[in-house]
1. H18 fails exactly one of the following numbered conditions: (1) part of a loop (DSSP other than H, G, I, E, B); (2) surrounded by 14 or more Cβ atoms within 10 Å (Cβ to Cβ). What is the number of that condition?
2. Starting from segment 56-71, keep only residues that are touching a residue at least 12 places away in the same chain (Cβ under 8 Å) and in a strand (DSSP E or B), then list their pairs with residues that are surrounded by 12 or more Cβ atoms within 10 Å (Cβ to Cβ) and of a type in the set (D, E) whose Cβ atoms are within a distance under 6 Å, requiring at least 6 positions of separation or different chains.
3. Checking the condition of a type outside the set (F, W, Y), surrounded by 11 or more Cβ atoms within 10 Å (Cβ to Cβ), more than 21 Å from R2 (Cβ to Cβ) and out of contact with any Lys or Arg (no Cβ under 6 Å at 6 or more places or on another chain), which residue from I42, I70, I25 passes?
4. Going by the structure shown, is L43 outside any helix (DSSP H, G or I) and touching a strand residue (DSSP E or B) at 6+ places or on another chain (Cβ under 7 Å)?
5. So, of the residues in segment 22-32 that are of a type outside the set (G, A, S) and without any contact (Cβ under 8 Å) to a residue 24 or more places away in the chain, which turns out to be farthest from Q50 (Cα to Cα)?
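What follows is calculated from the coordinates using simple rules that are stated; it is not laboratory data. From a predicted model like this one, the values you see are computed outputs, not experimental measurements. Here the Cβ positions follow ideal geometry from the backbone for every residue, glycine too, while neighbour counts run over all protein chains shown.
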Amino acid sequence: MRAFRAQADVTVDLSELHFADTSLIVDLAVLSRRLRRHGWAILLRGAQPQILALIEMVGLDRLPGVRLEIAPA
């Protein structure tokens, strides 16, 4: 809920997340849209390979205002 009240760019650390479904993706997309209205962005950091695959499969990383930081292998 704090992220929805943010007054700047938001960084979401996904490094310890091992499972996600589409409800997380929808929440992140809604957050991105709200932030974008104010000129801010969301940075998704440290996604595990299976989470990264989900993000890319549904196209969350292609939304305006969504940046994806991929950790080196």
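1. If we test H18 against (1) part of a loop (DSSP other than H, G, I, E, B); (2) surrounded by 14 or more Cβ atoms within 10 Å (Cβ to Cβ), just (2) comes out false.
2. If the second residue must be surrounded by 12 or more Cβ atoms within 10 Å (Cβ to Cβ) and of a type in the set (D, E), the pairs left are L68/D61.
3. I70
4. yes
5. Going residue by residue through segment 22-32, those that are of a type outside the set (G, A, S) are 22, 24-28, 30-31.
Within this subset, residues satisfying the condition of being without any contact (Cβ under 8 Å) to a residue 24 or more places away in the chain are 24, 26-27, 30.
Details: L24: 14, V26: 17, D27: 18, V30: 21 Å.
Restricting to residues being of a type outside the set (G, A, S) and without any contact (Cβ under 8 Å) to a residue 24 or more places away in the chain, the top hit is V30.
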